[in-house]
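Chemist: Quick one: the structure is below, and I'll ask about it shortly.
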Amino acid sequence: MNISHKHLIYLLVLTFFSTSYAATIEQLQQKVWYSGMADCNKDNHDAIEVHQYDQDTYILRQNMCLHSEAPFMYLLFGEQKALLIDTGATASKNSFPLADIVNKISLKRVKIRQHQPQTVSLLVVHSHSHSDHIAADKQFYNRANTTVIAPNNQQNMKTAFGLKNWPEQIAQIDLGNRLVNIIPSPGHLQDAITFYDHKTQWLMTGDTLYPGRLYINQWAQYKQSIDRLVKFSQNNRIAAILGAHIEMSSTPKKDYVMGSTFHPSEASLVLHREDLLELKAKLDKIAPSNQKHVMDKFIIYPVK
Ligand SMILES: [Zn+2]
Ligand SMILES: [Zn+2]
């Protein structure tokens with residue numbers, strides 16, 4: 001093979017990877033998730049919808065008929081470690097077999113990547129300690145090579161990741177050729193955390209920012225957290241902002257009734273940096289009060 005052939009193949013491979021990467025972000029933007037049923041007796045869908053984004057990245061969503069919060073969970077694999085962000089809203093492994101699904105995905109990866117199962121350990125963390133994000137923790141307590149950072153306020157995360165200066169300090173986990181930042185972002189709840197994955201350039205915001213009702217329990221802290229996320233986004237490219245729920249429909253300003261098990265025509269899970277900037281601009285303008293502010297893609301929803 002001469003040099004120009006080599007060059008051509010290199011270019012083809014490069015083009016394939018760059019277009020497939022761009023296509024997957026676009027696909028994720030367009031992705032329609034299973035959106036439940038008005039009569040859940042008729043529901044026969046899996047407890048957890050699994051979306052493989054790339055070889056090392058999975059998004060899991062709990063079936064709305066199992067729990068109306070229908071939270072999203074994120075599973076990221078590095079060469080040495082896997083990171084599971086959140087464990088959903090249901091504890092029972094019979095009705096909500098989260099650990100089994102994580103095991104199945106891990107085994108599938110072992111076959112593809114020819115890794116020994118024991119080389120990838122699992123770290124279970126949480127976007128915050130609300131019950132719809134931590135319920136299946138127990139399923140992981142006895143799993144081999146697994147660490148569950150229990151969500152008893154922010155203390156455990158501080159200890160585990162050396163966060164001495166909460167909430168200003170940003171910590172980092174290395175999953176093995178894959179870095180993830182831990183960005184404290186209290187306000188929805190005192191112990192809320194945002195994760196940034198350098199591989200996908202996803203900012204995973206839990207209940208701090210998502211297409212839905214942004215319940216704010218600590219106004220001043222929330223505002224500061226959003227300011228810090230904006231600052232972070234000035235130095236780190238954000239390909240997508242991914243939260244833990246969808247409560248908005250694809251019609252601007254329109255959310256579903258609280259507790260609904262049926263979300264016809266949901267808004268996209270994917271938000272962008274512009275949405276974060278819009279949130280910041282609005283927060284800068286309004287005074288802390290118990291008034292709701294309905295925006296096109298989310299609702300600022302102070303609690304109390
Ligand atoms: Zn929450
Ligand atoms: Zn939640």
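Chemist: Measure out, as a whole number of angstrom, how far apart the alpha-carbon centroids of the range 229-304 and the range 106-178 sit.
Modeler: 26
Chemist: A further question follows. Note down the magnitude of the dipole of the chain about its Cα centre, charges +1 on Lys and Arg C-beta and -1 on Asp and Glu C-beta and zero elsewhere, to the nearest 20 debye.
Modeler: 500
Chemist: So which aspartates and glutamates pass the test for Lys164, namely a Cα distance under 18 Å, with those fewer than 8 places away in the same chain ruled out?
Modeler: Output for Lys164: Asp191.
Chemist: Express the relative contact order of the range 198-296 as a whole percentage, based on alpha carbon pairs under 8 Å and six or more residues apart in sequence.
Modeler: Reported as a whole number, the value is 33 percent.
Chemist: Among bridges DSSP assigns within the chain, what percent are antiparallel (round to 5)?
Modeler: Roughly 70 percent of the beta bridges in the chain run antiparallel, per DSSP.
Chemist: Contour minus end-to-end for Ser95 and Glu274, with contour as 0.36 nm per residue of separation and end-to-end as the Cα-Cα distance?
Modeler: My answer for the length gained is 60.6 nm.
Chemist: Quick one: net charge of Val124's neighbours, Cβ under 10 Å, K/R +1, D/E -1?
Modeler: That works out to -1.
Chemist: On to the next question. Considering the options Asn177, Val110, Thr146, tell which one lies farthest towards the positive end of the dipole of the range 37-302, charges being +1 on Lys and Arg and -1 on Asp and Glu at the Cβ, about the Cα centre.
Modeler: Highest projection toward the positive end goes to Asn177.
Chemist: All other residues with a Cβ under 14 Å from the Cβ of Gln234 taken together, and with Lys, Arg as +1 and Asp, Glu as -1, what is their net charge?
Modeler: +3
Chemist: Something else now. So what is log10(I(q)/I(0)) for the range 157-235 at q = 0.16, 0.21 1/Å, when the Debye sum runs over its Cα atoms only?
Modeler: For the requested q values the scattering log ratios are -0.57, -0.96.
Chemist: Quick check of the Kirkwood formula: for the chain, what is the inverse mean of 1/r over all pairs of different Cα atoms, in Å?
Modeler: 20.1 Å is the Kirkwood radius here.
Chemist: What net charge do the residues around Asn152 carry, taking every other residue with its C-beta under 12 Å from that of Asn152, with Lys and Arg at +1 and Asp and Glu at -1?
Modeler: Once all neighbours under 12 Å are counted, the net charge is -1.
Chemist: From the Cα trace of the range 241-296, what convex hull volume per residue do you get, rounded to a whole Å³?
Modeler: 96
Chemist: Determine the alpha carbon to alpha carbon distance for each of Lys199/Lys223; Lys93/Lys158; Lys223/Lys282; Lys254/Lys292 and list only those over 20 Å.
Modeler: Flagged as over cut-off: Lys199/Lys223; Lys93/Lys158.
Chemist: Just tell me which aspartates and glutamates come within less than 16 Å, Cα to Cα, of Lys31; anything on the same chain fewer than 8 places away is out.
Modeler: Partners within reach: Glu49, Asp54, Glu247, Glu266.
Chemist: To continue, here is another question. Can you pull the Kirkwood radius for the range 33-162, inverse mean 1/r over Cα pairs, to one decimal in Å?
Modeler: The Cα-based Kirkwood calculation yields 15.3 Å.
Chemist: Can you tell which of His272, Pro186, Met204 lies farthest toward the positive end of the dipole of the range 145-304, using +1 and -1 charges on the Cβ of basic and acidic side chains (Lys, Arg; Asp, Glu)?
Modeler: Selected residue: Pro186.
Throughout, read-outs are computed from the coordinates displayed, never taken from laboratory work. Note that the structure is predicted; figures quoted are calculated from it, not measured. Reconstructed Cβ throughout: ideal geometry from the backbone, glycine too, with neighbour counts over all protein chains shown.
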